[in-house]
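The values are calculated or read from the model by the stated rules, or taken from the named source; none is laboratory data. Please read these numbers as outputs of a predicted model, since none were measured by experiment. Cβ coordinates were reconstructed from backbone atoms using ideal geometry, including for glycine residues, and neighbour counts include every protein chain displayed.
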Protein chains: 2
Amino acid sequence: MPTSDGPPTVETIAARAGVSIASVSRVLNGHGARPNTVRRVEQAAAELGYVPNGVARSLKGGRTRQLTFAMPDVGNPAYVSMVRQIQAVTKPLGYRLLLHSTDAVAEDELDVVRSLADRTSDGLILCPIRVTDAHMEVLARAARPVVVIGSLPGTAAVDSVRADSVSGTVLAVRHLMECGRRRIAFINGPADTVPGRNRLIGYETALREAGAVPDPELIVTTDFGIEAGARAAHRLLDAHPGIDSVFCANDQLALGAAHAAHDRDLRIPEELAVVGMDDSELARAGHPALTSVDLGSAERGRIAAEMLVARLDGGRHEVRCETVAPRLSVRESTTGARTRTAAGVS
Amino acid sequence: MPTSDGPPTVETIAARAGVSIASVSRVLNGHGARPNTVRRVEQAAAELGYVPNGVARSLKGGRTRQLTFAMPDVGNPAYVSMVRQIQAVTKPLGYRLLLHSTDAVAEDELDVVRSLADRTSDGLILCPIRVTDAHMEVLARAARPVVVIGSLPGTAAVDSVRADSVSGTVLAVRHLMECGRRRIAFINGPADTVPGRNRLIGYETALREAGAVPDPELIVTTDFGIEAGARAAHRLLDAHPGIDSVFCANDQLALGAAHAAHDRDLRIPEELAVVGMDDSELARAGHPALTSVDLGSAERGRIAAEMLVARLDGGRHEVRCETVAPRLSVRESTTGARTRTAAGVS
DNA sequence: GTGAAAGCGCTAACAC
DNA sequence: GTGTTAGCGCTTTCAC
């Protein structure tokens with residue numbers, strides 16, 4: 001029996017309303033009771049400012065109404081838009097969102113999956129930087145439903161949503177060729193990742209399908225980042241002045257490339273067309289605004305959230321694996337419309 | 001007594017190790033036991049892959065090891081850098097982070113504070129868009145420690161960290177004057193907020209201290225956003241062609257202003273110097289890179305987290321209120337170093 | 001050092 | 001309808 005101190009509990013309310021704790025629980029959960037009982041309980045609860053203890057509730061019910069989202073980097077706009085969509089799906093359903101930034105450390109990712117066993121979260125959306133055997137092993141034993149945003153081996157018994165960076169890259173390179181570009185350089189991010197490899201495949205595919213031969217000299221692999229992009233572009237332009245366009249593995253790299261072009265007095269897009277990837281706010285921020293491939297971060301986030309929710313209150317339906325189609329946002333860095341230099345020159 | 005199904009509990013371990021659940025708990029929490037007991041419990045736990053139920057633990061201990069961060073918009077880089085710093089402080093201490101995007105809806109903010117009563121989170125860092133009387137009232141009754149990032153009335157009994165947008169604006173405007181600018185326009189964000197008013201104060205203060213008279217004609221109030229910034233800049237430049245510089249209330253507005261300048265063939269910074277605020281990644285993304293005032297989002301996040309943690313495991317020390325000093329990041333949009341146009345012209 | 005037992009606050013059988 | 005009671009899984013007295 002709670003004494004004067006401490007927050008009110010079902011017992012406090014029961015005492016005040018002159019009923020049993022069971023009635024309090026029933027009324028508060030809308031399980032029907034005599035009108036008089038309802039009134040008295042509700043009044044007592046209101047007067048005391050009662051709020052049910054969520055932890056106790058979770059212990060009893062086995063569900064916490066909490067979901068976890070683990071991604072490599074909170075700062076990355078692509079993941080931010082996933083967060084936003086996940087929130088949009090789950091918040092109306094009454095879920096809270098736990099955020100976990102793994103800093104792209106694989107062991108951290110594994111720990112997140114393992115810690116599902118502490119029953120603190122009802123489910124997990126995991127966005128791994130790279131999927132290893134250890135991942136597959138841990139995922140197979142996960143204590144709660146998991147949805148992976150990324151590419152899993154076909155054998156995996158885990159729901160997943162993947163981007164299609166091959167097609168995305170093809171879109172970009174094809175667009176550059178349609179703009180009349182022939183010497184198309186490629187600034188790729190880390191190549192030892194699935195997306196890194198896929199972009200390379202896409203780049204070569206698009207060129208070949210147009211009857212062109214990919215020139216390894218025009219491909220640079222580097223870390224993500226504006227500075228890295230600028231350095232890579234300078235290197236390419238030093239070695240191959242004939243380059244008329246560059247496709248970059250993300251918007252930061254593309255902005256860096258644009259900076260390099262400006263530094264060398266190259267007009268965008270007349271002398272160098274630039275295409276980025278992710279279609280983040282940065283693409284719009286650049287001058288001229290960057291044409292960019294949207295790999296559907298937002299949509300992947302939304303779908304992952306929907307899959308997880310379905311798994312949570314749904315039954316044991318089969319494993320799902322969806323692929324989100326890329327989309328090209330065409331802006332001035334390839335078409336030249338509305339840019340200052342274009343206006344000044346033409 | 002747990003049957004074969006369900007995850008292992010203290011009872012499962014106890015049975016397997018041939019000891020009581022109390023001993024299991026002691027060993028698992030390092031409370032000392034006979035070496036033999038320790039060995040057997042640890043072995044049993046390892047074999048069964050036991051992970052303690054965090055919810056049960058929380059119910060008993062009254063602490064969830066969860067913290068909540070509520071801010072207006074997950075997408076805003078300023079808040080993202082707060083998230084990052086808060087993580088950096090609290091994660092090593094074993095806290096999980098619950099994220100809450102209020103979309104700048106005051107009622108949502110109030111709900112977050114109220115819901116602390118459900119004991120689901122040990123503490124809250126709240127970043128309100130605007131502090132109302134209702135906020136103060138709810139904050140005063142908060143069931144858990146709260147730290148506010150923002151300006152609170154002096155009477156508030158709540159820890160807080162505030163930015164100094166007055167000084168920040170003064171820094172920016174003073175810098176422009178030191179660069180020889182005299183017709184300094186001001187594109188402000190929503191003026192009915194504390195930061196909005198403070199920026200106006202700072203703008204007028206800096207001009208007056210230099211013996212100049214603020215011209216209301218050179219001040220535009222608008223929503224945040226790149227488009228809004230471009231429109232505002234065009235309007236200003238149409239009406240007052242003599243403007244030689246513009247200070248903007250955030251980086252988005254500044255980027256918009258830069259786009260407008262480019263559209264009108266105005267060279268930055270020769271013909272129009274531009275200063276932004278927040279020093280987000282966008283500032284670096286612009287071309288030329290934007291000079292921007294850093295209001296210390298990251299530092300505010302860090303300090304808020306430290307305050308909350310101190311309040312959590314510390315005693316009842318007095319209410320703290322810290323102010324973070326702004327810092328100016330000078331880049332090409334005011335100095336002209338390294339920009340293409342500068343190089344081309346000089 | 002160890003075990004039995006109480007209890008954190010809640011929900012849900014189960015009797016009445 | 002309503003009250004009594006039994007747990008959810010854990011930590012922590014309290015005896016031994």
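So here's what we get for this one:
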read-out: Index of the failed condition, B:Arg65 passing every other in (1) more than 14 Å from DNA strand D (Cβ to nearest atom); (2) at positive phi; (3) of a type outside the set (Ser, Thr, Tyr); value: (1)
read-out: Residues of the range B:1-43 satisfying the condition of being outside any helix (DSSP H, G or I), within 14 Å of chain A (Cβ to nearest Cβ) and hydroxyl-bearing (Ser, Thr, Tyr); value: B:Thr9
read-out: Residue check, A:Thr37 buried (at least 18 other Cβ atoms within 10 Å of the Cβ), within 9 Å of DNA strand D (Cβ to nearest atom) and over 17 Å from the mean Cα position of the chain (by Cα); value: yes
read-out: Top-ranked residue in the range A:97-122 [being part of a loop (DSSP other than H, G, I, E, B) and at the interface with another protein chain (Cβ under 9 Å from one of its Cβ atoms); ranked as farthest from the chain's Cα centre (by Cα)]; value: A:Arg119
read-out: Pairs, first more than 17 Å from B:Val74 (Cβ to Cβ) in the range A:298-309, second assigned to a helix (DSSP H, G or I), C-beta under 6 Å, six or more apart; value: A:Glu306/A:Val89
read-out: Hits in the range A:214-266 - residues which are away from chain B (no Cβ under 14 Å) and among the acidic types (Asp, Glu); value: A:Asp215, A:Glu217, A:Asp223, A:Asp238, A:Asp244
read-out: Test: residue in the range A:54-70 that is part of a loop (DSSP other than H, G, I, E, B) and more than 16 Å from DNA strand C (Cβ to nearest atom); value: no
read-out: In the range B:43-57, the residues that are in contact (Cβ under 8 Å) with a residue 12 or more places away in the chain and within 14 Å of DNA strand D (Cβ to nearest atom); value: B:Ala44, B:Ala45, B:Leu48, B:Gly49, B:Tyr50, B:Val51, B:Pro52, B:Asn53
read-out: Of all residues in the range A:115-141 being more than 28 Å from B:Thr120 (Cα to Cα) and touching a residue at least 60 places away in the same chain (Cβ under 8 Å), the one that is surrounded by the fewest Cβ atoms within 10 Å (Cβ to Cβ); value: A:Arg130
read-out: Among the residues listed as A:Lys60, A:Lys91, the single one being within 9 Å of DNA strand D (Cβ to nearest atom), at the interface with chain B (Cβ under 10 Å from one of its Cβ atoms) and surrounded by fewer than 21 Cβ atoms within 10 Å (Cβ to Cβ); value: A:Lys60
read-out: Residue, farthest from A:Ser280 (Cα to Cα), within the range B:257-280, restricted to residues that are surrounded by fewer than 21 Cβ atoms within 10 Å (Cβ to Cβ) and in contact (Cβ under 8 Å) with a residue 60 or more places away in the chain; value: B:Glu270
read-out: Single residue of the range A:15-34 satisfying the filter (in contact (Cβ under 8 Å) with a residue 12 or more places away in the chain and within 11 Å of DNA strand C (Cβ to nearest atom)) that is surrounded by the most Cβ atoms within 10 Å (Cβ to Cβ); value: A:Val24
read-out: Checklist (1) touching a strand residue (DSSP E or B) at 6+ places or on another chain (Cβ under 6 Å); (2) at pLDDT below 95 applied to A:Asn188, failing item; value: (2)
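A quick yes/no check of all residues on (1) within 16 Å of A:Glu332 (Cβ to Cβ); (2) part of a loop (DSSP other than H, G, I, E, B); (3) within 26 Å of the chain's Cα centre (by Cα):
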{"position": "A:Ala257", "(1), (2), (3)": "yes, no, yes"}
{"position": "A:Ala260", "(1), (2), (3)": "no, no, no"}
{"position": "A:Arg267", "(1), (2), (3)": "yes, yes, no"}
{"position": "A:Glu271", "(1), (2), (3)": "yes, yes, no"}
{"position": "A:Val274", "(1), (2), (3)": "yes, no, yes"}
{"position": "A:Arg284", "(1), (2), (3)": "yes, no, yes"}
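Residues are listed down the side, and each one gets a yes or a no for (1) touching a Lys or Arg at 6+ places or on another chain (Cβ under 9 Å); (2) at pLDDT below 95:
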position: A:Leu67; (1), (2): yes, no
position: A:Asn76; (1), (2): no, yes
position: A:Arg96; (1), (2): yes, no
position: A:Arg119; (1), (2): yes, no
position: A:Pro128; (1), (2): no, yes
position: A:Val131; (1), (2): no, yes
position: A:His135; (1), (2): no, no
